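Some notes on the structure that comes next.
The values are calculated or read from the model by the stated rules, or taken from the named source; none is laboratory data. What you see is a predicted model, and the numbers here were worked out from it, not measured in a lab. Heads up, the Cβs are rebuilt from the backbone with ideal geometry, glycines too, and the neighbour counts pull from every protein chain shown. Heavy atoms of the whole protein, side chains included, go into the accessibility calculation; ligands, DNA and RNA do not. Shrake-Rupley method; radii C 1.70, N 1.55, O 1.52, S 1.80 Å.
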Amino acid sequence: MARGLVGTIGSAVTLAVTVFICARGVGSAGIPPFGPLLDPVQGAAAAVRYADLPRSEAQQITSLGANVRVLFDTRGVPHVYASNTRDAYRALGYAIARDRYFQMELTYRAASGTLTELVGARALSLDKEARRLGLGWAAERKWAALDTTSEGRRAMQAFADGVNAYRATMTPASTPIEYKLLGATPMAHWEPRYSVYLLMRMALTLAYNPDDLRRTRVAALVGRDAANALFPRNAPIQEPIQPVPGRTAPREEWVAIPAPGAPDTSLLAPASAASVLEHTALAMPGAEQTGDALGSNNWAIAPTRTASGGALLSGDPHLDLSLPSIWYEAHLVVKDSLDVYGVTFPGSPTIVIGFNKDVAWTFTNTGGDVADYFLEEVDNPTLPTKYRLDGAWQQLVPRIETFHNPAGRQVGVDTVYYTHRGPTTNENGRLLSFRWTAHDASNELDGFVAATRARNVQDWQQAMLPYKAPTQNMLVADRNGTIALRSLGEYPMRRNGEEGSYVRDGRTRASDWIGMLPVDDMPQVMNPAQGFIVSANQQPFDPRVVSRYIGSNWPDPWRALRINEILRADDKVTPERVRQMQMDPLNVRARMIAPYFVRAAERSGNASLGTAAKMLRDWDYRYSLPAQAPVLFEAAMKRAIANTWDELRATPGTPPIAVPASYVYLELLRDSTSIWWDDRRTAGTTETRDALLADALATAFDSLTVTLGPVGLPWEWGLTGGINVRHLANLPGFSREHLAVTSGYGTIAPASGANSTHGASWRMIVELTKNSRTAWAIYPGGQSGNPASRRYDDRLEKWRTGQLDSLVVPESEAAFAQSRLLSILELRP
């Protein structure tokens, strides 16, 4: 085994060095010294010696109150047995740092805009983006506002104690290999406040959605009526999170999409500024780039509909897939006080998703409208010092941002101006300010810490009330059989119930928010009559029942439709059935759209389309690995969408500014005479719906025949689709790519197509009965951040094939089976 690991590391080092040289040039001063890198004792190969956990280890943490024992099971999960909660957090900090120190530093630096201090000037553009978005500014404000006696702040301090205790033991040999490949030195100290930066990073991932910028640009091209229809307030298919009593099927309400209108000239100025701002490299790509992958699923089933008579909870948040994983699995036990199991973010002191003896919980993203951009009037477009507000000039507050390389030399400087709303960006002399709930003072960790000790659903929901951002659909179940969901966080209210759909007029306070939605008005449900709750990022309210605005342009409802469909048909649900659901390959999107291609082919009279039409006609709409029809369908969809939305291109030859959701495309498919089907690029010809679809299908089939050959084995979804789980620093030798999965755009386990990098980051099932708790889970990767370790990717194959591990949750050291013991870590004061 060691020989194989050495080979892996050697290949990775060679590849990384080659890539580095090619990217930087042999004469570059940025090349790390290769002598130390190739040192067999302390260089990259030393990672092999630290690949496995020691059978036993003893270390000291100065601030520890009493001895703590950490037992690592055979899956590499630390089970922390402590006499008080702060010591448990210290032990967790030590364990995570030992496994994931590089990941922790990289995440902190990405949020704080200090990547240049790790890798030099090559990261300057990313650091400038982070600071222009106010991530570090907001983290500083949040930290300063924390009560020093709060549980969240104390947890962060204790966690940092543990991290720094491990950092003090780090040697040149044990330093993570990424630092050696980058020629970098690990950060000397982890500050408690860095955990807040981690939360800002997650807010950027989950709550930065510049729909108002895109809609503004689209309206500047085709008018507001068309823009509002293409990116609508309400989805035409309603299967809401908050179920409608008595409804047993989704509600459909289709409307005709207005024709492209005259450009809205009032939006030309904000659209010009927005054209640059919406493309931040730091945030996750929007739906048009990632398909349906950046979302999540969760559902809970009441005891009346389960085989065991207990509550069942399922959760699988869909996030960026990386090695090491964004999650770290752990179990914290303090006698008579705490017994919580689940996953956390490396850098966070407590469990984020998981369960205790009585309660289980998980989250999905709401996609609520929690941010607005404002076009400001300034005194000087080039060097502004003031902005106009209600007829009076207000002072802009400058914040000088400096950037340094690892040697401490300044490599850049930037000035970010702030209004009373937040940070601004000056594009072409136009100043846009940014108001975002994630910038507000908050203490989410107080909620997470208190929630781990909840005894029932009501306790848990009360504990989470301090939570503000990013807004999340929080699903919870308890041993009493209660199931509930609340979409918690800050939802801005605007004057007169206005939507935050466009860039707003910054010259007046009338554009500002007037408060936040009360908790009682947020989407929520407890013990619904239907016996289950489903959350898959769909619109939370049916607007016929609750009309208040909390967001728009909702993600596609395909996953929600399929999950509800399965649960309505089964009143004796088992954990195994839930596991199967998590990997269910049926695609409702394909089921609703593919027949339009078939009918278009049949009406075309083109005999050469017979094979293609038959493939789609005979398809069961499942993205199973041997299936061939998904390959054709996705290629045809890509072609059809590109040819349909030509009106949304700012200039010929460029991609559309934004691509409407696929439910909007289905809405357009229902109108065969819409002017949107005509391709304005083909002068003298007026395209129809069926002609466009037939052409897309024919072109896709012909193109696939050229690239893959005649219909056969190479066409199988398992060979042409796939997911990439890349190293978090994109080091090629440490990534795992082209993993065949039964996932597609719209399946319950989504993937955005070939080479997707997003998907189910953690799959979990918890069954809670009166007398027991049982749980199963998996994530793509492993506990260790060391690519030479067996624990680096030991779960990946199980995750790929939809298997789950049975979780070991011993309530005490005495209950820990020796056969499951991998390593013991003793921590002493």
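The figures follow:
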quantity	calculated
Dipole magnitude (debye, nearest 20) for the range 588-715, charges at Cβ of Lys, Arg, Asp, Glu	240 debye
Residues whose placed amide H lies under 5 Å from that of residue 823, excluding near-sequence neighbours	72
Helix-derived mean residue ellipticity, 222 nm - over the chain, DSSP H n ≥ 4, -39500 (n - 2.57), to 500	-9500 deg cm²/dmol
Relative packing of peptides 329-340, 711-722, 436-447 - highest average C-beta neighbours within 10 Å first	436-447, 329-340, 711-722
DSSP H segments from the chain that extend 24 Å or more along their own axis, Cα-based, with Kyte-Doolittle mean of 1.0 or above	2-24
Cα gyration tensor shape of the range 120-166, rounded if a/c is under 1.5, else prolate or oblate by comparing a/b with b/c	oblate
Modelled FRET efficiency - R0 45 Å, residue 399 with residue 654, Cβ distances, 0.05 increments	0.85
Distant-in-sequence amide H partners of residue 756 (H built 1.01 Å from N, under 5 Å)	724
Given charges at Cβ of Lys, Arg, Asp, Glu: the chain dipole, positive-most of 363, 171, 616	171
Extension gain (nm, one decimal) between residue 794 and residue 505, 0.36 nm per residue minus Cα-Cα	98.8 nm
Dipole axis of the chain (+1 Lys, Arg; -1 Asp, Glu on Cβ), positive-most option in 746, 596, 691	746
Cα gyration tensor shape for the chain, rounded if a/c is under 1.5, else prolate or oblate	rounded
Residue list for the range 798-829, given a label point 7 angstrom along the Cα-to-Cβ vector of residue 169 and an amide N cut-off under 19 Å	821-829
Percent accessible area from carbon and sulfur atoms, the chain, protein chains only, probe 1.4 Å	51 percent
Accessible area of residue 687 in the full protein assembly, 1.4 Å probe (Å², nearest 10)	40 Å²
Potential extension, residue 440-residue 642 segment - 0.36 nm per residue separation minus Cα distance	68.8 nm
Lysines with Cα under 27 Å of residue 468, excluding same-chain neighbours fewer than 8 positions away	128, 142, 357
Highest to lowest packing among 459-471, 352-364, 672-684, scored as the average C-beta count within 10 Å	352-364, 459-471, 672-684
Whether the range 700-829 is rounded, prolate or oblate, judged on the alpha carbon gyration tensor where a/c under 1.5 counts as rounded	prolate
Label zone at residue 803, where the point sits 7 Å out along the Cα-to-Cβ direction: the range 304-335 residues whose backbone N lies under 20 Å	325, 329
